[in-house]
Amino acid sequence: MTDLEPRKGTPSPRLAEPEFRRRFLGQFQDPAYDPLQAELGRIADAAWDAYSHSRKSPHTRKAGPGFADPDYDLSVDWIAARDAIREAERRHGDPALPARILLVCGSSRSEHTCPSEMSKTFRLTELAREVFAAADGVEADVLDLSRLASEYGRHIHPCKACFSTSAALCHWPCSCYPNHSLGQVHDWMNEIYPLWVAAHGVMILTPVNWYQVSSPVKLMMDRLVCADGGNPDPTSTQGKDARRAKEMEMAGWDYPRHLAGRLFSVVVHGDVEGAEGVRRSLSDWLSSMNLVPAGPLAEVDRYIGYWEPYAISHAALDKDHAVQEEVRNAARTLLEAVMAQRVGRQVAAGAALREPRQK
């Protein structure tokens with residue numbers, strides 16, 4: 001075995017047909033489906049055929065000019081995602097268009113699911129949004145990650161860690177999803193990538209969940225790995241040919257930073273512990289992707305209702321006018337930095353230097 005030979009040895013996850021059908025048909029428990037058992041049986045037959053033949057991307061077209069292999073059959077899903085990113089890049093680079101801010105509301109809590117109450121994170125996001133709404137020449141997009149828990153057909157599937165095999169195997173945008181044969185569909189990231197690309201500034205607001213960011217934020221973070229060194233041409237690796245990707249990386253990989261230069265703000269709030277560590281972790285992650293901190297006031301970690309009952313945590317936020325103003329100041333700092341950067345008044349020292357060690 002050479003150093004570049006992909007290592008194998010994990011057990012196969014393939015299902016036999018009876019277990020596959022049991023899992024597939026388990027989606028249809030509502031009594032409304034009872035009269036449709038014959039139809040569902042035929043649909044299960046089709047799903048098994050797709051699964052057993054591993055038809056990940058059943059709809060493809062030739063890549064065409066501009067790709068390493070113009071004759072390669074590319075997924076139409078991936079092409080659509082790539083086209084959306086290119087349009088976002090165009091908007092990002094057009095000085096005639098308003099500045100764009102992406103607000104990421106990271107809590108999974110909302111009144112539309114089991115908790116039956118909005119999150120404090122959403123309220124803080126609204127405070128920040130109002131700052132941008134009142135400013136001239138700026139538009140804000142709100143990415144409310146609570147919809148992963150409350151909206152039908154919303155998923156961020158987990159990162160499969162292609163980058164750890166080779167940077168060249170991690171495609172930009174991610175080509176791992178959708179995987180139709182495995183039922184891994186409705187992946188939200190193909191809509192989220194253009195939001196990040198179009199943004200001049202990104203503001204992430206998250207609660208602390210067990211000393212970490214919330215699970216929706218972590219899913220998004222992991223799936224953004226392709227934005228930081230990922231390969232924009234899946235045909236160069238013939239899809240997921242791991243050996244070919246390893247050879248490309250060893251021949252010299254430039255680790256393209258697809259989100260470099262965008263400014264960021266981070267707001268982390270907790271109840272008892274972990275806020276500072278989570279804020280530092282987020283800031284380090286964003287900086288490692290060559291995004292730029294907007295300024296000291298744009299990074300906030302605070303406790304709301306410290307060691308008080310969770311049942312009255314919203315009342316604690318009502319009374320904490322200082323933290324409300326700190327969130328507004330974080331938004332104002334990001335706004336000021338974005339507007340200055342767009343007219344060339346804010347330049348990050350060292351931005352033109354190339355790091356001697358890449359990822």
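Read-outs throughout are calculated quantities, based only on the coordinates presented, and are distinct from any laboratory measurement. Because the structure is a prediction, the values reported are computed rather than measured. Every residue, glycine as well, gets a Cβ built from its backbone with ideal geometry; the counts of neighbours run over all protein chains shown.
Of note:
- If only the Cβ of Lys and Arg carry +1 and only the Cβ of Asp and Glu carry -1, the dipole of the chain around its Cα centre is close to 760 debye.
- Stretched out straight at 0.36 nm per residue, the stretch from E5 to D71 would grow longer than its current Cα-Cα span by 21.1 nm.
- Of (i) 55, 45, 44; (ii) 59, 56, 42; (iii) 62, 52, 50, the label for Cα extents along the principal axes in Å derived from the coordinates: (ii)
- Global geometry of the stretch 285-359, whether rounded, prolate or oblate, following the gyration tensor of its Cα atoms and the 1.5 cut on a/c: oblate
- Extending 7 Å from Cα along the Cβ direction at S116 and again at L297 yields two label points whose distance is 4.1 nm.
- Entry note, the chain: the mean residue ellipticity at 222 nm calculated from DSSP H runs of n ≥ 4, each adding -39500 (n - 2.57), is -11500 deg cm²/dmol after division by the residues and rounding to the nearest 500.
- Build a GNM of the chain with springs between Cα atoms under 10 Å apart, and of H53, H180, H200 the one that fluctuates most is H53.
- Couplings for the stretch 60-77, taken from phi via the Karplus curve 6.51 cos²θ - 1.76 cosθ + 1.60 with θ = phi - 60°, read 9, 8, 4, 4, x, x, x, 10, 4, 10, x, 8, 6, 7, 8, 4, 5, 4 Hz in order; Gly and Pro are left as x.
- Bridgeable lysines around K319 (alpha carbons under 16 Å apart, same-chain partners fewer than 8 residues away excluded): K120.
- Applying the criteria of a DSSP loop state and at most 14 other Cβ atoms within 10 Å to the chymotrypsin sites (Phe, Trp or Tyr not before Pro) of the stretch 270-307 yields Y306, W307.
- Principal axis dimensions, the stretch 167-275 - Cα atoms, whole angstrom, descending: 48, 35, 25
- Separation of alpha-carbon centers, the stretch 204-246 and the stretch 288-359, rounded to whole Å: 23
- Charge-dipole axis of the stretch 37-342 as Lys and Arg at +1 and Asp and Glu at -1 on Cβ define it, positive-most pick from A50, A251, V300: A251
- A dipole drawn for the stretch 214-286 from +1 and -1 charges on Cβ atoms has a positive end, and of G277, V267, S215 the residue lying farthest that way is S215.
- Sorting E139, E355, E126, E299 from the fewest to the most surrounding beta carbons within 10 angstrom yields E355, E139, E126, E299.
- Compared with the dominant Cα axis of the chain, that is its longest principal axis, helix 37-52 is turned about 90°.
- The label-point distance for I312 and A161, in a model that sets each label 7 Å from Cα toward Cβ, rounds to 4.5 nm.
- Length gained on full extension, A38 to A50, computed as 0.36 nm times the residue gap minus the Cα-Cα distance: 2.4 nm.
- As a proxy for reagent exposure, M203, M189 were ordered by neighbouring Cβ count within 10 angstrom, fewest first; the result is M189, M203.
- Taking 0.36 nm per residue of sequence separation and removing the Cα-Cα distance, the R61/Y211 pair yields an extension gain of 49.5 nm.
- Acute angle (nearest 10 degrees) that the helix 275-288 long axis makes with the longest principal axis of the chain, alpha-carbon atoms: 60
- Cα gyration tensor, the stretch 106-165 - rounded (a/c under 1.5), prolate or oblate: oblate
- Straight-distance crosslink candidates among lysines, where the alpha carbon sits under 16 Å from K218 and sequence neighbours closer than 8 are dropped: K160
- Restriction of the chymotrypsin sites (Phe, Trp or Tyr not before Pro) in the stretch 133-231 to DSSP coil positions whose beta-carbon has at most 12 other beta-carbons within 10 angstrom yields Y152, W210, Y211.
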